[in-house]
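Beneath this line is the structure, given in structure tokens, with notes to follow.
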Amino acid sequence: MATTTLGRRGRAVPVGGRRRPALRALLYLSPWLAGFSVFFAYPLIATVYFSFQRYDLFTLEPVGLLNYRYFLKDEAAWTAIRNTLWLVVVMVPARVLFGLGVAQLVTKLKAGVGFFRTVFYLPSLVPLVAGTLGFVYLLNPGTGPVPAILSAIGLPSPDWFGDPGWAKPGLTLLGLWSVGDLMVIFLAALLDVPKQLYEAAALDGAGPWQQFFHVTLPVIRPVLMFAAVTGVIQTLQYFTQAMVAARVASGSTDSAGSVFTPGYPAQSTLTFPEWLFHQGFRDFAMGYACVLALILFAVSMVFTLFLLRQFRGLAEEDA
């Protein structure tokens, strides 16, 4: 005898008939569930497991919380954290503001909009390694054309990637040079702001700055949130530019018998992902590298949730 249950309208419905929509939904979700399980859930569980082990790709030995206790005493890791947070606090707002400013400027141009949009966007298409190599060469105080031009007009030029005090500002300039990706996003958002809002604000006596703060910013706030969140996540994973710039500036090569320690000069460009990579794939301390990876994941989640809450609060205030 088939088991039945009452449906929404009081009719008897077979239990198997109620299960079919759930099975159909699971079937549709199965590609996402498979990808989530293979590429996120399993790696995360494995990372947590290996963080309690001494693992060098050949031997596996349980060590409990030893890797976590070592992190608290690892001075290089804390230096990398300070450098990475510096880039998050300085580079991310600088890129957002500069990209928004360039986009605003392009929208005000009467002619040559396509040309300037292309000029500002092209650097973001350059591969990271090639762009960093070229940037370090341009700012090299010995052979670069930029210091030569500044010297010719009587202006001082710092040793951007050779002086610990100027290395992180040099990486920030590199980030501003490749701000074309943000510029295009902001340009699309600015062009999507209804002109009627500007006209109504002008009739009420609002000037350009008042229109920008009270009309433009509230409308493009979702885009600002996207730029801030993705910028923070990308900067927390900042690796290629810092590694290439330090290697080129130090003159280090991968010749036999040589070992390059990231962070030149004086660990001023050492970022958290660089130290993670060095521990895992140079020193083969995979267990400790898993601890660093979990910390990076947790910090990224905290920053993301904080930014989302802040932008949600601002949106509720405007509403």
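The values are calculated or read from the model by the stated rules, or taken from the named source; none is laboratory data. The structure displayed is predicted, hence computed values, not measured ones. Cβ: placed from backbone, ideal geometry, glycine included. Neighbour counts: every protein chain shown. The protein model used for the area step is the full one, side chains on, heavy atoms only, and it has no ligands, DNA or RNA in it. Shrake-Rupley method; radii C 1.70, N 1.55, O 1.52, S 1.80 Å.
Name the residue from LEU122, SER268, ALA94 whose Cα lies farthest towards the positive end of the charge dipole of the stretch 75-284, charges +1 on Cβ of Lys and Arg and -1 on Cβ of Asp and Glu.
LEU122
With a 1.4 Å probe and all protein chains left in place, how much accessible area per residue does the chain have, in Å²?
61 Å²
Can you tally the net charge around ALA245? Count Lys and Arg as +1, Asp and Glu as -1, for every other residue whose Cβ sits under 12 Å from the Cβ of ALA245.
Cβ neighbours under 12 Å give a net charge of +1.
Have a look at LEU155, VAL106, ALA206 and report the one farthest towards the positive end of the charge dipole of the stretch 75-284, computed about the Cα centre with Cβ charges (Lys/Arg +1, Asp/Glu -1).
Working it through, the farthest residue towards the positive pole turns out to be ALA206.
Mind putting a number on the dipole of the stretch 75-284 about its Cα centre? Charges go on the C-beta only, +1 for Lys and Arg and -1 for Asp and Glu, and I need it in Debye to the nearest 20.
Rounded to the nearest 20 debye, it is 360 debye.
Name the helices (complete DSSP H segments) of the chain with a Cα length along the long axis of 20 Å or more and a Kyte-Doolittle mean of at least 0.5, or state none.
Long hydrophobic helices here: 75-108, 221-236, 286-318.
Accessible area of the stretch 75-284 with a 1.4 Å probe: how many percent of it is carbon plus sulfur?
Its accessible area is 68 percent carbon and sulfur atoms.
Would you list VAL96, VAL291 from the most to the least accessible area, probe 1.4 Å?
VAL96, VAL291
Identify which of LEU174, LEU197, LEU308 has the largest mean-square fluctuation in a Gaussian network model of the chain, with springs joining Cα atoms closer than 10 Å.
LEU197
With Cα extents along the principal axes in Å in mind, check (1) 61, 46, 34; (2) 118, 78, 34; (3) 96, 73, 32 and report the label derived from this structure.
Computed from the coordinates, Cα extents along the principal axes in Å corresponds to (3).
Determine which lysines satisfy two conditions relative to LYS195: a Cα distance under 26 Å, and not lying fewer than 8 residues away in the same chain.
Qualifying lysines at Cα under 26 Å: LYS108, LYS110.
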